[in-house]
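A.B. asks: Below is a structure I'd like to ask you about.
The values are calculated or read from the model by the stated rules, or taken from the named source; none is laboratory data. Here the structure is a predicted model, which is why all the values come from computation and not from measurement. Note that each Cβ is placed from the backbone with ideal geometry, even for glycine, and that neighbours are counted across all protein chains shown.
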Amino acid sequence: MAIPARSILINVSRILFPLALVVSLYEATSRSSGILPFSNGDKVLHLLAFFTLAILDDFAFPGRGFGLRKMLPLVFYGILIEVIQLFLPYRSCDITDILADCGGQALYYLLIPVLKKIPILRERWSD
């Protein structure tokens, strides 16, 4: 018997979501900075990280739509990262990083209608 694609998406997302949270925290607190070699590269990385966290969160728990119940914990996670960086001499706390985090989530929210048209991803929204 074949496993439905929706179950695979949910299970893979439930594995990858906490892993992505740990990796993003590690990257945000380590000495190595993965800053892209152009102006505001750090903000692009924040945007991409939180876009990824948003999609994994939404796919891991498809019973709830993507809204404040999913977005607010990620906003607080981004704030937590910035607070931790306050205490690291090789990092800095920046409010624009939190805005970029929110931007990544907003980007996912805005792209949901497009993602629903991709055959394998559309399974997330099937009943």
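A.B. asks: List, please: which pairs have Cβ atoms under 8 Å, are six or more places apart or on different chains, and start with a residue in segment 88-108 that is more than 13 Å from TYR77 (Cβ to Cβ) and end with one that is among the hydroxyl-bearing types (Ser, Thr, Tyr)?
C.D. replies: LEU88/THR29; ARG91/THR29
A.B. asks: Being assigned to a helix (DSSP H, G or I) and at pLDDT below 95 is the filter here, so list the residues in segment 99-127 that pass it.
C.D. replies: Residues of segment 99-127 assigned to a helix (DSSP H, G or I): 99-115, 119-125.
Selection gives PRO119, ILE120, LEU121, ARG122, GLU123, ARG124, TRP125.
A.B. asks: Which residue out of ILE55, ILE95, ILE81 is within 22 Å of LEU111 (Cβ to Cβ) and not small (Gly, Ala, Ser)? Steps first, please.
C.D. replies: Working: ILE95 fails: within 22 Å of LEU111 (Cβ to Cβ); ILE81 fails: within 22 Å of LEU111 (Cβ to Cβ).
Step by step, each of ILE55, ILE95, ILE81 is checked, and only ILE55 is within 22 Å of LEU111 (Cβ to Cβ) and not small (Gly, Ala, Ser).
A.B. asks: Of the conditions (1) surrounded by 16 or more Cβ atoms within 10 Å (Cβ to Cβ); (2) in contact (Cβ under 8 Å) with a residue 40 or more places away in the chain; (3) of a type outside the set (A, V, I, L, M, F, W, C), SER126 clears all except one; give me its number.
C.D. replies: With (1) surrounded by 16 or more Cβ atoms within 10 Å (Cβ to Cβ); (2) in contact (Cβ under 8 Å) with a residue 40 or more places away in the chain; (3) of a type outside the set (A, V, I, L, M, F, W, C) applied to SER126, the lone miss is (1).
A.B. asks: For segment 79-98, give me each residue that is assigned to a helix (DSSP H, G or I) and surrounded by 14 or more Cβ atoms within 10 Å (Cβ to Cβ).
C.D. replies: Within segment 79-98, the first condition is being assigned to a helix (DSSP H, G or I), and the residues that meet it are 79-86, 95-98.
Passing the criteria: ILE79, ILE81, GLU82, ILE84, GLN85, ASP97, ILE98.
A.B. asks: Go through PHE17, PHE66 for me and flag whichever is among the aromatic types (Phe, Trp, Tyr), touching a residue at least 40 places away in the same chain (Cβ under 8 Å), in a helix (DSSP H, G or I) and within 22 Å of LEU121 (Cβ to Cβ).
C.D. replies: Working: PHE66 fails: in a helix (DSSP H, G or I).
Checking each option against the conditions leaves just PHE17.
A.B. asks: Exactly one of these conditions fails for ASN11: (1) at pLDDT 90 or above; (2) surrounded by fewer than 16 Cβ atoms within 10 Å (Cβ to Cβ); (3) within 21 Å of GLN85 (Cα to Cα). Give me its number.
C.D. replies: The single condition ASN11 does not satisfy is (3).
A.B. asks: Do we find that ARG31 is modelled with pLDDT under 90, assigned to a loop (DSSP other than H, G, I, E, B) and closer than 27 Å to LYS116 by Cα in this structure? Walk me through how you get there before you give the answer.
C.D. replies: Values: modelled with pLDDT under 90: yes; assigned to a loop (DSSP other than H, G, I, E, B): yes; closer than 27 Å to LYS116 by Cα: no.
It is false that ARG31 is modelled with pLDDT under 90, assigned to a loop (DSSP other than H, G, I, E, B) and closer than 27 Å to LYS116 by Cα.
A.B. asks: Taking segment 41-63, which residues are surrounded by fewer than 21 Cβ atoms within 10 Å (Cβ to Cβ) and either part of a helix (DSSP H, G or I) or in contact (Cβ under 8 Å) with a residue 60 or more places away in the chain (or both)? Can you show your working first?
C.D. replies: Of all residues in segment 41-63, those surrounded by fewer than 21 Cβ atoms within 10 Å (Cβ to Cβ) come to 41-45, 48, 51-52, 60-63.
The answer is GLY41, ASP42, LYS43, VAL44, LEU45, LEU48, PHE51, THR52, ALA60, PRO62.
A.B. asks: Now a separate question. All but one of (1) within 11 Å of the chain's Cα centre (by Cα); (2) under 15 Å from GLY78 (Cα atoms) hold for LEU56; state the number of the condition that does not hold.
C.D. replies: Answer for LEU56: the failing condition is (2).
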